[in-house]
Each structure stands twice: as C-alpha cells, then as structure tokens.
Amino acid sequence: MFGTKAIHLLLGLFSFSVHFLNSVSLNFLYPTSNHVFLQTMLALLKSTFVLSLTTITGIKATPIIQDKIRGAYFGAVVADALALSTHYEYDAKKIRKFYGNIDQFYAPGEKTGGATHGVGWGKRNYHGGNGVGPAKKAGENTDYGDYNFLILNYLASNHANEINKPISLKQLVPMWQTALKTWRSWICTQTKATLRQVQQNTPYTQLGGRSNAMAIR
C-alpha cells in the first residue's frame with residue numbers, strides 16, 4: 001500500500017515532530033512537569049508509530065542506535081521511579097502485596113505505611129531528603145536513578161565530541177562530590193566511606209568500600 005520511500009518520509013517527519021516537541025513545546029506547555037516522564041511517553045509514541053507502520057506495510061523499520069540508547073536509558077529511569085515506593089524492601093511477597101498492579105508512581109513508603117525495611121538498616125523512609133531538601137515524591141528516582149542522571153550529565157559535559165574516550169575520575173569524582181551536597185536520595189555506607197576516602201586524598205585507584213555492588217559506591 002505504501003512504498004519504501006513514503007514510509008521513510010513518514011518516519012522522518014514523525015521523528016522531526018517528536019524532537020521538536022521534546023526540545024521546544026514541552027518547555028512552553030509544561031514548564032513544571034516531570035520532563036523525564038514526558039520524554040519517555042514521546043519515545044513510546046514514536047516506537048508505537050514505527051510498529052504500526054511495520055504491521056501495516058510489512059516493511060521492517062530498524063531502530064537507529066540513538067533510539068536504542070534513549071529506550072534503554074529512559075526505560076531504566078522510569079522503572080526506577082516505579083520502584084521508589086518500596087525501595088529497600090526485600091521481601092518479594094510483601095512487595096507484591098503492597099503494589100498489586102503497578103499502575104502509577106508512588107512516593108517512598110506510600111504503599112508500605114511510610115517506610116520500607118532495608119536489611120541491616122531497619123525500617124525507615126530511605127529517601128527523606130537527607131536534611132538538604134524535601135523528601136522524594138512520586139515520580140522521582142531512587143539513588144540508582146540519580147546516579148544515572150549524574151553519569152548522563154558527566155558524559156554530556158565531557159564526552160559530547162569524544163564518545164570513545166575513557167571516563168576520567170579526575171573529572172567525574174568532583175562532580176559526584178558536588179552532587180552529594182544536595183543529594184536527597186539514600187546515601188549508603190559504602191558511598192559515605194568512599195566520600196571520606198576522597199576527602200582524605202586517597203588515590204583514585206584505591207577508592208571504594210567492601211561492597212561489590214558498584215565500582216564507585
């Protein structure tokens with residue numbers, strides 16, 4: 001029904017519209033909204049459009065690498081935001097009971113009586129603001145999502161024109177230290193230990209605690 005050139009033209013026009021909305025209209029129409037959520041919806045809309053064209057025409061539309069990267073990134077931070085309510089609750093049966101169907105974002109502990117039970121740390125709200133700001137609210141991220149934002153900011157600031165160069169701890173660690181000054185998510189024991197090491201001028205090659213969860217943390 002449609003030729004290949006027509007399909008590519010439609011895809012190009014739709015992609016342009018999505019990026020135009022993303023960069024201009026959202027800031028005008030929704031100046032205080034959760035842009036991560038809106039950007040994710042636009043990405044899903046684009047994916048649905050491509051899938052529909054593929055179904056109708058039988059022509060395979062291969063996502064470009066940039067779309068795959070955006071999908072992986074936004075998928076991760078949206079999933080993290082959905083997990084905020086029961087973050088640090090490790091009892092799978094309790095989580096299932098609390099959530100039921102995951103149909104919206106919830107604030108920390110909103111489905112668990114105001115707190116979750118982190119093994120070894122007791123029951124509390126693990127994202128209460130750390131005394132430097134308000135508690136996290138529905139739609140925001142846990143510390144895992146916040147680290148995604150930190151690394152994205154680092155890459156955008158230092159790797160925009162050199163995507164293949166190694167990460168520089170001399171550039172990343174100071175950004176991390178600055179971010180922790182206003183960090184409203186949970187700061188784990190290993191993060192605190194690493195921060196003390198940096199303040200004591202420990203060589204970057206020797207940073208880190210005993211946790212095997214993350215390189216820096």
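Please determine whether any residue of the range 142-157 is at pLDDT 90 or above, polar (S, T, N, Q) and either under 26 Å from residue 115 (Cβ atoms) or surrounded by 14 or more Cβ atoms within 10 Å (Cβ to Cβ) (or both).
Scanning the range 142-157 turns up at least one residue that is at pLDDT 90 or above, polar (S, T, N, Q) and either under 26 Å from residue 115 (Cβ atoms) or surrounded by 14 or more Cβ atoms within 10 Å (Cβ to Cβ) (or both).
Would you check if residue 136 is outside any loop (DSSP other than H, G, I, E, B) and of a type in the set (Lys, Arg)?
No: the conditions fail for residue 136.
Report yes if some residue within the range 112-126 is assigned by TED's automatic domain parsing to the domain that holds residue 90 and at pLDDT 90 or above; otherwise report no.
So far as the range 112-126 goes, no, none of its residues is assigned by TED's automatic domain parsing to the domain that holds residue 90 and at pLDDT 90 or above.
Of all residues in the range 148-192, which are among the hydroxyl-bearing types (Ser, Thr, Tyr) and in contact (Cβ under 8 Å) with a residue 24 or more places away in the chain?
182, 185, 191
Looking only at the range 83-126, count every residue that is without any contact (Cβ under 8 Å) to a residue 12 or more places away in the chain, hydrophobic (A, V, I, L, M, F, W, C) and surrounded by 13 or more Cβ atoms within 10 Å (Cβ to Cβ) and tell me the total.
2
Of everything in the range 174-197 that's β-branched (Val, Ile, Thr) and either part of a loop (DSSP other than H, G, I, E, B) or surrounded by fewer than 17 Cβ atoms within 10 Å (Cβ to Cβ) (or both), which residue is farthest from the chain's Cα centre (by Cα)?
If we take residues in the range 174-197 being β-branched (Val, Ile, Thr) and either part of a loop (DSSP other than H, G, I, E, B) or surrounded by fewer than 17 Cβ atoms within 10 Å (Cβ to Cβ) (or both), then 189 is farthest from the chain's Cα centre (by Cα).
Can you tell me which condition residue 62 does not meet? The list is (1) at pLDDT 90 or above; (2) over 23 Å from residue 187 (Cα atoms), and all the others hold.
(1)
The values are calculated or read from the model by the stated rules, or taken from the named source; none is laboratory data. These figures come from a predicted structure and were not determined experimentally. Cβ atoms come from the backbone with ideal geometry, glycine included; neighbour counts cover every protein chain shown.
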